[in-house]
Structures are given as C-alpha cells and as structure tokens.
Amino acid sequence: MPISRAAVLDWITASAGAIAAERAALDRLDAAVGDGEHGTNLDRGFQAVLGKLPDLADQDIGAILKGVGLTLVATVGGASGPLYGTLFLRMGAATAGKAELALDDWTAALAAGVEGVVARGKAAPGEKTMVDALAPALAALRAAAEGSGLEVALRRSAAAAREGMLATVPLVARKGRASYLGERGAGHQDPGATSAHLLLATAAATLAREEGRAV
C-alpha cells in the first residue's frame, strides 16, 4: 500500500511533536559537544513548519516537503537549519508532482535527501554526525525493498537509524563544533544522529498508512 499525502502530513506533524518532546534531551546531548541548542533550534523550526502546514496541505507531496525544507532553512539556527532544510528540499525535489509514494519512491527520496546532507555537510559515516543515522537507515530501506512490504521496510530503516545513533557514542567527531573537542568528545551520543533517528522512527510509526489509517 502506498504512502498517502495524508500520511506524509501526519509524519511531519508527529515529527514536530517528537522533537518538542525530546527538546530538552537533545539540548543536553548538544551541551556535551556543542552549544546546547540543538533541540531548541529544531523545535523552533518544526513549530514554524506546523504553522505552514495548512497552506501546504492541498499540495502534492513534493511541494509539501519542499515547503518544510524552506521553513527549516529560514527558522532553524546553526548548522541544523541548512542540513535539515537540504534533507527535506532534496526529498521534495525527488517527489515533485506525486500524490502518493510507493516504497521505491520513498527510498529514492530519502537517498536524494541523504546525498544532499552529505554534500552540504561534507560528512561521511563514522564522523559522528546525523549521517551516522541516515546512511544505515537508507541502506536498510534499500535492502528491505527486495521483497519486504512498506511497514516492515520502514521499521527496519528506523531500527538501523537507532543502531547508527548509538554507534556514535564512542566516536570522535570529525565535523562541526564537536570536532573541536577531539578525544574528549568520545563517550557522548551525537545530537544530530539522535534527531535524525527521531524523524525516521516517527516515519515508521506514521507513513504505512492510507488516508491516515494504519495498515
């Protein structure tokens, strides 16, 4: 069963709620390696996205995701705005004109988004960034596309993102403000990988729907 436009809107709304609920936890993670505002910045951006959704709700999925990306770029401070904005803008470009998405469409959209984040942040897996959650999530989606249904694929993707997030704990950051800490940054979970996992876990909970009803 395809991903409907209603399910995409549910995902964005639920993601905003998840970010708001975890704002303080994300800030605590960021305080150990950065300026302590990752959760606050993302929450501000996603609350702004919620305010834009009524104007986007009757558009195609690509336009909806593009609108989310533009809003995040405009409202999220620090590096997170350009990176998350790029994620959604590239996903929007990959789904332009579509009213629903098959699993292959979602996989291609996430691939485009991850490629955009990698290019924008000049980051690779293993450098203690959001890519450490996004890359394994994408790999799991691609593997699951070989015969798995949408719901199973989304759950495997979220599980892989969680494993990638947890794997950032012992890493030494190579990119961003956290890289200034050197070896002292080891032992802390990366906040960007954590927020990326939140979005993918929320996707697993919301996207396998038809007109807002769980499969």
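Contact map, segment 109-135: residues that are within 28 Å of ILE3 (Cα to Cα) paired with residues that are among the polar types (S, T, N, Q) and not in a helix (DSSP H, G or I), Cβ distance under 6 Å, separation 6+ or inter-chain. Pairs shown: ALA109/THR95; ASP132/THR168. Against the numbered list (1) surrounded by fewer than 22 Cβ atoms within 10 Å (Cβ to Cβ); (2) out of contact with any strand residue (DSSP E or B) (no Cβ under 8 Å at 6 or more places or on another chain); (3) touching a residue at least 12 places away in the same chain (Cβ under 8 Å); (4) assigned to a helix (DSSP H, G or I), GLY51 comes up short only at (3).
Between ASP43, ASP30, the distinction of being among the acidic types (Asp, Glu), touching a Pro at 6+ places or on another chain (Cβ under 7 Å) and more than 22 Å from ARG156 (Cα to Cα) belongs to ASP30 only. Among the residues of segment 57-69, which ones are in contact (Cβ under 8 Å) with a residue 40 or more places away in the chain and either surrounded by 20 or more Cβ atoms within 10 Å (Cβ to Cβ) or out of contact with any Gly (no Cβ under 7 Å at 6 or more places or on another chain) (or both)? ALA57, ILE61, ILE64, LEU65, VAL68 - these are the residues of segment 57-69 that are in contact (Cβ under 8 Å) with a residue 40 or more places away in the chain and either surrounded by 20 or more Cβ atoms within 10 Å (Cβ to Cβ) or out of contact with any Gly (no Cβ under 7 Å at 6 or more places or on another chain) (or both). Keeping to segment 28-46, report how many residues are in contact (Cβ under 8 Å) with a residue 24 or more places away in the chain and either surrounded by fewer than 16 Cβ atoms within 10 Å (Cβ to Cβ) or part of a helix (DSSP H, G or I) (or both). Counting residues in segment 28-46 that are in contact (Cβ under 8 Å) with a residue 24 or more places away in the chain and either surrounded by fewer than 16 Cβ atoms within 10 Å (Cβ to Cβ) or part of a helix (DSSP H, G or I) (or both) gives 13.
When you look at ARG184, is it among the basic types (Lys, Arg), farther than 25 Å from VAL73 by Cα and either touching a Ser or Thr at 6+ places or on another chain (Cβ under 8 Å) or modelled with pLDDT under 90 (or both), yes or no? Against the criterion (among the basic types (Lys, Arg), farther than 25 Å from VAL73 by Cα and either touching a Ser or Thr at 6+ places or on another chain (Cβ under 8 Å) or modelled with pLDDT under 90 (or both)), ARG184 qualifies.
Taking the criterion of being in a helix (DSSP H, G or I) and of a type in the set (Val, Ile, Thr), the residues of segment 93-135 that qualify are THR107, VAL114, VAL117, VAL118, VAL131.
Counting the residues of segment 1-27 that are among the basic types (Lys, Arg) and either closer than 24 Å to VAL152 by Cβ or in contact with a strand residue (DSSP E or B) (Cβ under 6 Å, 6 or more places away or on another chain) (or both) gives 1.
The values are calculated or read from the model by the stated rules, or taken from the named source; none is laboratory data. Here the structure is a predicted model, which means the values were calculated and not measured. Cβ: placed from backbone, ideal geometry, glycine included. Neighbour counts: every protein chain shown.
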